[in-house]
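Worksheet for the structure shown next.
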Amino acid sequence: MNLVLSLFTGPNVDVAQMAIYLQDEFQVNPKLNLSFGLRMDMPFYLKSVPVTPAVDEVVNFDGWVDEDGNPTKVDPANWPKSKPLWSPRIGFNWDIIGNNTLQLRGGTGIFTGRIPFVWIGNQAANSGIYPGYTFQVNSTSEDFNFPQVWKTNIAVDWKLDSDWIFGLEGIFGKDIKAIVHRNYNMAPPTGRLTGTGDNRQIFSGFNETNIYSSSPEAIGFLDAGTIIIDNTNEGFQHSLTAKVVKTFNFGLYFNAAYTYLNSKDYTSIPAEIAADAFQRNPVVGNPNNPALSWSRYGLKHRFIASAYYSIDYSFMASTFGLFLESGQGHRYSYVYAGDLNQDAIINNDLLYIPENSNDIHFGTVDAEGVGHIAINASKQWDKLSSFIDQDSYLKNRRGNYAERNGAVLPWFTQIDFKYMHDFKFKIGNKTNMIQLSIDIINFGNLLNSNWGVYKLNRTKTPITVNGIDNEGIPYFSFDKNLNESYIQDISITSKWQIQFGVRYIFN
């Protein structure tokens, strides 16, 4: 049995999470072993949120609505319920032949994590509305749970007499209680765009995007909203890894592996402030109902390989090593510059990729809500169409919306080199060693300046929103100088580096 206690202490909140874990193993026969485990996590809170008139203003306001527009209550003085979170699991290892050369292993179970406790700290720090101006109010949904995921893995390892080892492993994860941020100060949008293939929902007025501040009884202006941490059971992750390992009898060791990853979620925005996590999550229409889309974490394709060669001679030894990584999958979202859905949040609206020139209007909207076509509209379209065609993601999405984190950076490849030289000597009856080492990071870039160079996206906002006219038709502009999606990363990531090391090793 294991007992684990973790504690987060901030200026306004003390949060702890206790865990108890029980495990047992059972040998069915000499070839098959089973393991059973049960973990229980319990979050609890060592401080309470003081109830003040500012908190009462939140609790007593009757205008809050949930993500579906239904009336709801908000009480920042109440922490998420402290209740046990059970995580059962089972695993097995089957030595199929009985000589450890062919093994099948795997397991399945529920795993409990924890949210960034800073979001709980947000609730303590932003629990009330004060006269004049309040940036945000933070709380959690009434039935909120700490994150839980169901994971299953299955793997086979095969060792040949010639010291070749082959492996294949699949991992599947399904979100049971994932995190999503809602704004209970935002009503569902009631309008839609017209005039093109983009008919996304848009907000029709201030009372929709800021319910509290539009109320006659409001004592102040609530800017970022009433951000609620909620749960969703949508989201998954699955990966498949194949590997090969070989040890040669003349001092060479080699291994290589390839992993394919597919992961989707509702949100994967890193943010200390809950309002940032809500506002920076790209959407098509209503930010309170983000779509299930690609996670920003993890490479879709990743290949790694390493090789080491060691040789001993007299009182010295030399080791040469190479490490290679190649991959694709650093994800990003194409969004508009500006606020297309009029939710008072800029740069969070996913692009609609026009199919032809009738699918987009280049121009401006005047103060009376009248749209005016730009005199160079046809040239802007030609440049935009060329930009779309040269982009491997956008050209396949014409007539559709860009997906959150749907675009990926190009493949990258990096080779690192390491050399170690050992000097062995005896002190008494013990052998000590001085080790000199040289590490060259991005060794390929040292050999050729075009190798090991990473690419970055030139822009995530290629189209600018200039306004929406009285008929609901949007008008845009495109930078005619924008003709390529990617630029070279000129940071140290794309440059070779060298480091020297000296170690004294006691034995």
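Readers should treat all values here as calculations from the given coordinates under stated rules, not as data from a laboratory. Here the structure is a predicted model, which is why all the values come from computation and not from measurement. Please note: Cβ atoms are built from the backbone with ideal geometry, for glycine as well, and neighbour counts cover all protein chains shown.
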Checklist outcome for this item: Residues 182, 39 in order from fewest to most other beta-carbon atoms within 10 Å are 39, 182
Item to check | Average projected area [Cα convex hull, region 350-507], square nanometres | outcome: 14.3 nm²
Checklist entry - How many times 2.2 N^0.38 Å is the alpha carbon radius of gyration of region 217-345? => result 1.73
Item to check | Gain in span if fully extended, residue 376 to residue 484, counting 0.36 nm per residue against the direct Cα distance | outcome: 36.8 nm
Item to check | Cα-projected label distance for residue 142 with residue 253, points at 7 Å along beta-carbon direction, nm | outcome: 5.8 nm
Item to check | Ascending count of other beta-carbon atoms within 10 Å, so fewest first, for 240, 22 | outcome: 22, 240
Item to check | Alpha carbon centroid spacing (whole Å) that separates region 179-220 from region 145-166 | outcome: 47 Å
Item to check | Paramagnetic label zone (point 7 Å from Cα along Cα-to-C-beta, residue 36; backbone N under 12 Å) in region 69-101 | outcome: 89-91
Checklist outcome for this item: Computed from the beta carbon distance with a Förster radius of 60 Å, FRET efficiency for residue 433 and residue 367 to the nearest 0.05 stands at 0.15
Checklist entry - Could you work out Rg/(2.2 N^0.38 Å) for region 344-412, with Rg from alpha carbons only? => result 1.31
Next on the checklist: Let's test the formula: R0 of 22 Å, r as the Cβ-Cβ distance of residue 413 and residue 166. What FRET efficiency results, to the nearest 0.05?
Outcome noted: 0.40
Item to check | Between region 295-337 and region 357-386, the alpha-carbon center distance in angstrom | outcome: 46 Å
Checklist outcome for this item: Taking R0 as 25 Å and r as the Cβ-Cβ distance between residue 75 and residue 150, the FRET efficiency 1/(1 + (r/R0)^6), rounded to the nearest 0.05, comes to 0.25
Item to check | Angstrom value of the Kirkwood radius, inverse mean 1/r, which spans all Cα pairs in the chain | outcome: 27.4 Å
Checklist entry - What angle, in degrees between 0 and 90 and rounded to the nearest 10, separates the Cα long axis of helix 377-390 from the longest principal axis of the Cα atoms of the chain? => result 20 degrees
Next on the checklist: Along the Cα→Cβ direction, 7 angstrom out, place labels at residue 44 and residue 311. What is the inter-label distance in nm?
Outcome noted: 6.4 nm
Checklist outcome for this item: For residue 455, the residues 5 or more places away or on another chain with a placed amide H closer than 5 Å to its own amide H are 489
Checklist entry - After finding the eigenvalues of the alpha carbon gyration tensor for region 15-128, what semi-axes result from the square roots of 5 times each, listed largest first in whole Å? => result 48, 15, 10
Checklist entry - At q = 0.15, 0.18, 0.21 Å⁻¹, what is the log10 ratio I(q)/I(0) for region 145-215, with the Debye formula run over Cα points and no solvent? => result -0.78, -0.87, -0.93
Checklist entry - Exposure proxy check: 438, 492 ranked by fewest other beta carbons within 10 Å? => result 492, 438
